[in-house]
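Student: Okay, here's the structure, questions in a sec.
Just so you know, all these numbers are worked out from the coordinates, no wet-lab data involved. Just so you know, these numbers come straight off a predicted model, no measurement behind them. A quick note on method: Cβ atoms are made from the backbone with ideal geometry, for glycine too, and the neighbour counts reach across all protein chains shown.
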Amino acid sequence: MKTAVLLNGNAKRVGPRLIANFRQLVPQRDLYISSSMDEARSIVSHLLDERYERIMCGGGDGTFVQVVNDMIDRVRAENLAGTDDCLVEYPQVGLLRLGTGNAVAGVVGASRPTRDLMRLRDGRVGPPIRVEMIVAEGRRFPFAGFGYDGELLNDYLWLKERIDNPILKKLFHSVAGYFMALGLKTIPRHMRGTGVKTKMRIIALETAWYMDPLNNDAPVEHPPGAVLFEGAATVASVGSVPFYGYGIRIFPFAGQRPGTFQLRVASVSVFHVLANLGALWRGSYRNPQGCFDFLCSRIRIESDGPLPFQVGGDGAGWRTELEFSVDDLPVSLVNMRQALTAGND
């Protein structure tokens, strides 16, 4: 299978040494390094022109989101302009674990990048994994959220832009950076009583199912137009993959019903979140009074005031209203998980 490797030159682990190692494993004609979003978009267009069947992304979830959107937009435009006899096929997309959160890399079982490249070279990969993508504002992504997660990510970006110390900069490209933002910005704001907690209304625009924790998480159907939640909330997040990054299983029901994503809406304090971090990490956290899980195809979230928003692990500013839906085209991901058990290295 014709495979290209596209590295985000700004990703935390992409440097001269790693690139030199990659050059030993990837033919020069198939290895690309981008320094900006515009350059990455041009590279994706070139790879589609060259009819690559598989694009391996080297970066985090943001890199994956960018490549998927550029790929789908270009292929759809080309197919609309062409004829049925010359439709362009969508390449498979793979993940090399080179970013910060690596939520999607966890879904496909990505391990050490050089090891995964050797497995690809030897053909030791499993059948593709199909993942539903969520759409909002014309952009596709595997997870997004209002509230604490958006607040924390915006705090993280604010601090990262203002730190010049090289040692601290390196720390900010790891999970330590998020805990620094949490301790220096997010928690103090909540201690002052000015943290995120805004009244919101969440409406099902198509059939949705509440996962009832008091009945073994049995699904309870809600018709289109139903109000799924109304009140003060601190989190309203959506995900089509189980993870948020670092193996945190925020969306344990994601992928259970085709054509849906999970909505998790909660009204709990940041201190409650920290006290239950272990259960949240494992995906076993349930709270019938303060945390509500749904499987949805299309919803609208409305808030009384601006809420911090994140998309694919990147801070995206503030919103007061947003509609989320499942894209009509699942993305085929390169399955490295099966490759891990295909044989010993």
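Student: Taking the convex hull of the Cα atoms, report for the range 1-79 its projected area averaged over all directions, in nm².
Tutor: If you wrap the Cα atoms of the range 1-79 in a convex hull and average its projections, you get 5.1 nm².
Student: When the convex hull of the Cα atoms of the chain is projected onto a plane and the area is averaged over all directions, what value comes out in nm²?
Tutor: For the chain, averaging the hull's shadow over all directions gives 18.7 nm².
Student: Using only Cα atoms and rounding to the nearest 10 degrees, what angle (0 to 90) does helix 61-81 make with the longest principal axis of the chain?
Tutor: Once rounded, the angle reads 70 degrees.
Student: If you don't mind, another one. Output the direction-averaged projected area (hull surface divided by four) of the convex hull of the alpha-carbon atoms of the range 48-132, in nm².
Tutor: Convex hull of Cα atoms, orientation-averaged projection: 6.2 nm².
Student: Additional query: Using a Gaussian network model of the chain whose springs link C-alpha atoms within less than 10 Å, name the residue from Arg264, Arg298, Arg17 with the highest mean-square fluctuation.
Tutor: It is Arg17.
Student: Only helical DSSP H runs with n ≥ 4 go in: add -39500 (n - 2.57) per run for the chain, normalise by residue count and round the 222 nm mean residue ellipticity to 500 deg cm²/dmol.
Tutor: That comes out to -8500 deg cm²/dmol.
Student: For the ranges 210-218, 109-117, 47-55, what's the packing order if you count other beta-carbon atoms within 10 Å of each residue, average per peptide, and put the highest first?
Tutor: Highest-to-lowest ranking by the protection proxy: 109-117, 47-55, 210-218.
Student: Compare Ala279, Ala105, Ala40 in a GNM of the chain, Cα atoms joined below 10 Å, and give the one with the largest fluctuation.
Tutor: Ala279
Student: Follow-up. Quick one: work out Rg over Rh on the C-alpha atoms of the range 140-326, Rh as Kirkwood radius.
Tutor: We get a ratio of 0.97 for the range 140-326.
Student: Something else: How compact and how long is the range 256-345, expressed as Rg and Dmax of its alpha-carbon atoms in Å?
Tutor: Computed over the Cα atoms of the range 256-345, radius of gyration and Dmax are 17.3, 55 Å.
Student: To the nearest 10 degrees, how steeply does helix 37-49 sit against the main Cα axis of the chain, on a 0 to 90 scale?
Tutor: 50
Student: Another question about this same structure. Tell me, Met56, Met118, Met191 in order of fewest to most beta-carbon neighbours within 10 Å?
Tutor: Neighbour counts put them in this order, fewest first: Met191, Met118, Met56.
Student: Which order do the peptides 70-78, 120-128 take when ranked by the mean count of other beta-carbon atoms within 10 Å per residue, highest first?
Tutor: Descending packing order for the listed peptides: 70-78, 120-128.
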